[in-house]
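As structure tokens, the structure follows; a few thoughts come after it.
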Amino acid sequence: MQPMGNDKPANVPGRPVLPSPAAPQLSTPFISPGPVVGLGASGVPQTTAPFLSSRPITGTQMSDYRSPSPPPPIRYNGPSSPPPPTSYPGQDATIYQQTHATRFPLPAQPGTPLRGPPSVGLPVTPPIGSLRPQPQIPSVPMGPAPQIGTHLSSRSYMPPPLSESSFSAPRPPPQPSLHGYSNVLPRGNMPPSPAETQFLAPRPVSQPPSQQAFPSFHVPPVHASPYHVHQGGVVPPPPPPPLGGPLGYNSREQMQYPNTGPPMGGSLQGLIEEFQSLSVGSAPGSLDHGVDAKSLPRPLNGDEEAIKIQETYPLNCHQRFFRLTTHAIPTSQSLLARWHLPLGAVVHPLAEVPDGEEVPIVNFGPAGVIRCRRCRTYVNPYVTFTDAGRKWRCNLCSLLNDVPGEYYCALDASGRRCDFDQRPELSKGSVEFVAPTEYMVRPPMPPVYFFLIDVSISAVQCGLLEIVAKTIKSCLDELPGFPRTQIGFLTFDSALHFHNLKSSLTQPQMLVVADLDDIFLPLPDDLLVNLSDSRHVVDALLDSLPSMFQDNVNVESALGPALKAAFMIMSRLGGKLLVFQSTLPSLGVGRLRLRGDDLRIYGTDKEHTLRMPEDPFYKQMAAEFTKNQIAVDVYAFSEKYTDIASLGSLAKYTGGQVYHHPSFQATTHQEKLRYELARDLTRETAWEAVMRIRCGKGVRFTTYHGHFMLRSTDLLALPAVDCDKAFAMQLSLEDTLMTTQTVYFQVALLYTSSSGERRIRVHTAAAPVVADLGEMYRQADTGAIISLLSRLAIEKTQSHKLDDARQLMQLKLVKSLKEYRNLYVMQHRLGGRLIFPESLKFLPLYVLSLCKSVALRGGYADASLDERCAAGYNMMILPIRRMLRLLYPGLYKIDENLIKGPEDFEKSLKQLALSAQSLDPRALYIYDDGFSFIIWLGRMLSPDLVNGILGFDLSGFPDLSKLALLEHDNEYSRKLMRIIKRLREKDPSCFQLCRVVRQGEQPREGSLLLSNLIEDQTAGTSSYVDWILQIYRQSQSS
């Protein structure tokens, strides 16, 4: 088998090196040598935002740029963290002792609270607020507090929150809360991290414990000269830089050593237009972290594609097909080294298009497909014609090519072909060419569907067998490729059951092979038949399948031998193999064992082996399948461990997909299975495909990430590919210095359509080459960055600990924000502010979400091994839009819609922040992550509304996990189902299964909803506010 490009660990920087012992001031991971936060030059605590987004800035070249020092080490405190290096025993021991010594308030030093004069023009708001601890899961206001215990297992896998003890006085003993989750331990009961204890400050005695600053919004007044003074004279000022307000944490040291001044240049109106601000300000000794959580940036409108790129390059393919992580390619290796985020692209070659925007099909006829004879680029809108139209210049390699006589056309006065508007390949970025016979190694294959179905007792009892049989039968008329479509079946338990579907039979014949060591086919033909010829026999088999095995008590699974038999049947034609597996393979080749129960392996260097295939058999079979154009989709159903890590490799290397249905029960889960299987069978599929991405001079793609087999250095083998799968790849510069002003990219997918036509789908895009790092950041695409970053993180977990993967993402984020800050902080004196471009305003939140995702969160107790691996396989193929929806799901309040019932519900549905503070106990909410709906019933929700949508009294149905949400004969229920239907229609590639949970129902409420409210601090993870403060701290340190 050929080596896989994506088998190698990602070429990413390792963990940062701990600072030298000679620098005691950097002994903690996040400390900075200067004052912790910036104040104005007058010593007045400024209350503007800790971070700001900006519009593009021009003309701010920095000639005195100094590369930043190495970043401080980033550590995750918790059981999964590695032990500290042995060369620092004394230091760590001291910090540990200090941690315990500062858990209670220290005696205050003499002095009065520091108070500066109020900012000019700002109303002075008296500090108000109450002293109360912050619970680990933020409270939801409700009626009488439920008698519940802590509902989530203790976890520790995220960076420690820095907003509490880092900048303020130690908390007093926790006070009882009046909120819903009253028995959850507050954060104050946890010992602070070593990083936190370095900044613990005693609270002055005269400071009332309940005093708390009230956040306020304002734009700082500007009294600066209209000119910037530089050495050598006075020059006009550049536009205002991207600014953020200083974090308003007050300390005596800052009063004595102010290190920042007000922004210079511009006007008040200019400032208002240039940036948005987030108010920050906390009084000494208060427990308020000083950040207004409501003002933090949130992607409440979903994925936002960059419109400007399409306007600047109108001939580019649409961004649904191809997106770069930044639409500005660096001109040099040194510039790329300062980018820190992944440089690459996300390709979605068969993305669904709206009606009226179909990709045009071009048939060149006898002229053949027009391509560059040197680099094999296809003719596209960016080629130029010369010599009166007799030659064309390739935009990728600049070679002059002859124009075939059949393709010749004269040029107009501007040098364009006269038939430019009639040629889609010259006027559109996406086009599909009909490939002539020289593009075929063999005659185009027919669509082939072969079903490998587990019929052991577990598959029969959960209802899987009956639903699969009925769904397949209902889809037979819609299978693509009629009348060429081929179909076949093989069932298995401890033996293999072959089914003769010969068209001359009235009933199918079953032939049993019990010898698992020497697999053979009992029939040479008729195991794979033409569907239109044998339709009556196939119908008879599907009708009889559930009853045929209804009394089966066999608990064994011979999946490995069944795969070998399926390969023998399909190898001549290829096609799609659908595997339905309900128990751990236990017999014959490929049998697997239970693993993952040994807790001692978590957090060690052997942890990643649990997420790798245990038996090489499955990867070897995947290589054989790919070689013979067979794609494998794996449907896994089990209450127990089924080793998704091993079974998923069948899908990973064949361009397939993993569908995981844990604890499947037909009564509640059948709707989702039916939808997913029907879409898998009926969506348009590209068969026996290969994909290659070509680039212009100076750049090349180096690593590829997704489900495929890498046939050569840049050729992706895809036995089957469809509209639901995307691929990511990383880009590198070949030359030290780029010589071109524009780089071109071309994606080419050669495939066989279901109708039997060989086609080439081509997407072409152009991007500018820039020498300005700021421009790279301004043209960044958060969606593409996080899609590529998530794939890198998933692959990192195949060879490293989960903790290492999370640190990798955080390190890239911190380095990039630090680098962007260095572009402006020296020239404009913007100390104490988190500065970032408008294009990346959501990136910190998405990285936090990625760290909290099922695939990467926590350790042993936070997700089952199968669920974690299945989530990883899914994230490797998700298109950008679905990836962002998974990372930041939608939360909607819908009870008012059910009562008032506005017709246009989409305008009335407003997405809410993913925090428990968004939940009202008197309301009804729906949570949508693209894979499931969680319908949350508040404790004080109207009983009439509850009875209407459920169809019964809630008190008489204690176990909501067995509830299937159906439409009932009342207006509430009909409106709810209409809302659910409209939400599902937004993305037909998935089906969200409805799960109903009521407030206070444990442990379901915690596991289904509260643990997924990513903005909250839940059992050891950082809240969004803590995370922003932590990223700010690390990006400030030098």
Next item on the list: Tell me, yes or no, whether the stretch 937-953 has at least one residue that is of a type in the set (Ser, Thr, Tyr) and surrounded by 16 or more Cβ atoms within 10 Å (Cβ to Cβ).
Entry: yes
Margin query: Cβ-Cβ under 7 Å, sequence separation 6+ or interchain: first residue in the stretch 327-343 and closer than 11 Å to residue 773 by Cβ and open to solvent by 10 Å² or more (accessible area, probe 1.4 Å), partner among the hydroxyl-bearing types (Ser, Thr, Tyr) and not in a helix (DSSP H, G or I). Which pairs?
Written below: 332/736
Next item on the list: Please name all residue pairs, on different chains or six or more residues apart, with Cβ atoms under 6 Å, provided the first residue is in the stretch 729-757 and is under 29 Å from residue 447 (Cα atoms) and the second residue is among the polar types (S, T, N, Q) and at pLDDT 95 or above.
Entry: 746/377; 746/764
Checklist line | Residues of the stretch 683-694 satisfying the condition of being at pLDDT below 95 and open to solvent by 30 Å² or more (accessible area, probe 1.4 Å) | finding: 684
Check: Among 520, 567, which is the only one that is touching a strand residue (DSSP E or B) at 6+ places or on another chain (Cβ under 9 Å), modelled with pLDDT of 95 or more and open to solvent by 10 Å² or more (accessible area, probe 1.4 Å)?
Finding: 567
Check: Would you say residue 595 is modelled with pLDDT under 90 and not in a loop (DSSP other than H, G, I, E, B)?
Finding: no
Next item on the list: Please verify whether the stretch 787-806 includes one or more residues that are touching a Leu at 6+ places or on another chain (Cβ under 6 Å), of a type in the set (Ser, Thr, Tyr) and open to solvent by 10 Å² or more (accessible area, probe 1.4 Å).
Entry: no
Item checked: Filter pass, residue 340 being closer than 19 Å to residue 792 by Cα and either part of a loop (DSSP other than H, G, I, E, B) or not charged (D, E, K, R) (or both) -> yes
Next item on the list: Take the residues in the stretch 349-396 that are among the β-branched types (Val, Ile, Thr) and assigned to a loop (DSSP other than H, G, I, E, B), then tell me which one is surrounded by the fewest Cβ atoms within 10 Å (Cβ to Cβ).
Entry: 353
Notebook entry, point to check: Since residue 477 meets every condition but one in (1) over 24 Å from residue 562 (Cα atoms); (2) assigned to a loop (DSSP other than H, G, I, E, B), which condition does it not meet?
Noted result: (2)
Checklist line | Of the criteria (1) surrounded by fewer than 21 Cβ atoms within 10 Å (Cβ to Cβ); (2) within 20 Å of residue 909 (Cα to Cα), which one residue 996 fails | finding: (1)
Note to self: Quick test of your reading of the structure: residue 540 fulfils all but one of (1) more than 35 Å from the chain's Cα centre (by Cα); (2) of a type in the set (Gly, Ala, Ser); (3) buried (at least 20 other Cβ atoms within 10 Å of the Cβ). Name the failing condition by number.
What the structure shows: (3)
Next item on the list: Considering only residues that are at pLDDT 95 or above, among the aliphatic types (A, V, I, L, M) and more than 23 Å from the chain's Cα centre (by Cα), look in the stretch 601-634 and name the one that is farthest from residue 866 (Cα to Cα).
Entry: 630
Note to self: So the check is Cβ under 7 Å with 6+ separation or different chains; which pairs have a first residue in the stretch 551-563 that's under 18 Å from residue 616 (Cα atoms) and open to solvent by less than 10 Å² (accessible area, probe 1.4 Å) and a second one that's basic (Lys, Arg) and modelled with pLDDT under 95?
What the structure shows: 560/591
Note to self: Any residue at all in the stretch 979-987 that's touching a Leu at 6+ places or on another chain (Cβ under 6 Å), touching a residue at least 40 places away in the same chain (Cβ under 8 Å) and open to solvent by 40 Å² or more (accessible area, probe 1.4 Å)?
What the structure shows: no
Next item on the list: Tell me, please, whether a residue that is outside any helix (DSSP H, G or I) and of a type in the set (Phe, Trp, Tyr) can be found in the stretch 986-997.
Entry: yes
Next item on the list: Spot the failing condition for residue 763; the list is (1) closer than 29 Å to residue 848 by Cβ; (2) crowded, with 21+ Cβ neighbours inside 10 Å, and only one is missed.
Entry: (1)
Note to self: Condition first: open to solvent by less than 30 Å² (accessible area, probe 1.4 Å), hydrophobic (A, V, I, L, M, F, W, C) and in a helix (DSSP H, G or I). Now tell me which residues in the stretch 437-474 satisfy that.
What the structure shows: 459, 464, 465, 467, 468, 469, 472
Notebook entry, point to check: In the stretch 399-436, what residues are part of a helix (DSSP H, G or I), open to solvent by 20 Å² or more (accessible area, probe 1.4 Å) and without any contact (Cβ under 8 Å) to a residue 60 or more places away in the chain?
Noted result: 405, 406, 420, 421, 422
Item checked: Count of the stretch 732-772 residues which are among the hydroxyl-bearing types (Ser, Thr, Tyr), in a strand (DSSP E or B) and either within 30 Å of residue 629 (Cβ to Cβ) or touching a Pro at 6+ places or on another chain (Cβ under 7 Å) (or both) -> 4
Next item on the list: Select, from 767, 748, 726, 720, the only residue that is over 19 Å from residue 883 (Cβ atoms), touching a His at 6+ places or on another chain (Cβ under 6 Å) and at pLDDT 95 or above.
Entry: 767
Item checked: Answer from 708, 727 - the residue that is under 30 Å from residue 819 (Cβ atoms), hydrophobic (A, V, I, L, M, F, W, C), out of contact with any Pro (no Cβ under 7 Å at 6 or more places or on another chain) and surrounded by 23 or more Cβ atoms within 10 Å (Cβ to Cβ) -> 727
Notebook entry, point to check: Can you name the residue in the stretch 646-669 that is outside any loop (DSSP other than H, G, I, E, B) and farther than 19 Å from residue 624 by Cα and, of all such residues, is most open to solvent (accessible area, probe 1.4 Å)?
Noted result: 667
Item checked: Candidate set from the stretch 840-867 (those that are of a type in the set (Lys, Arg) and under 14 Å from the mean Cα position of the chain (by Cα)); member that is surrounded by the fewest Cβ atoms within 10 Å (Cβ to Cβ) -> 857
Item checked: Residue ID - surrounded by the most Cβ atoms within 10 Å (Cβ to Cβ), chosen from residues in the stretch 500-517 that are within 20 Å of residue 448 (Cβ to Cβ) and touching a Pro at 6+ places or on another chain (Cβ under 9 Å) -> 501
Notebook entry, point to check: Name the residues in the stretch 605-626 that are out of contact with any helix residue (DSSP H, G or I) (no Cβ under 7 Å at 6 or more places or on another chain), open to solvent by 30 Å² or more (accessible area, probe 1.4 Å) and touching a residue at least 40 places away in the same chain (Cβ under 8 Å), would you?
Noted result: 605, 608, 620
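The values are calculated or read from the model by the stated rules, or taken from the named source; none is laboratory data. Here the structure is a predicted model, which means the values were calculated and not measured. Don't worry about glycine lacking a Cβ; one is built from the backbone with ideal geometry, like all the others, and counts go over all protein chains shown. Ligands, DNA and RNA are excluded from the accessible area calculation, which covers all protein heavy atoms including side chains. Shrake-Rupley method; radii C 1.70, N 1.55, O 1.52, S 1.80 Å.
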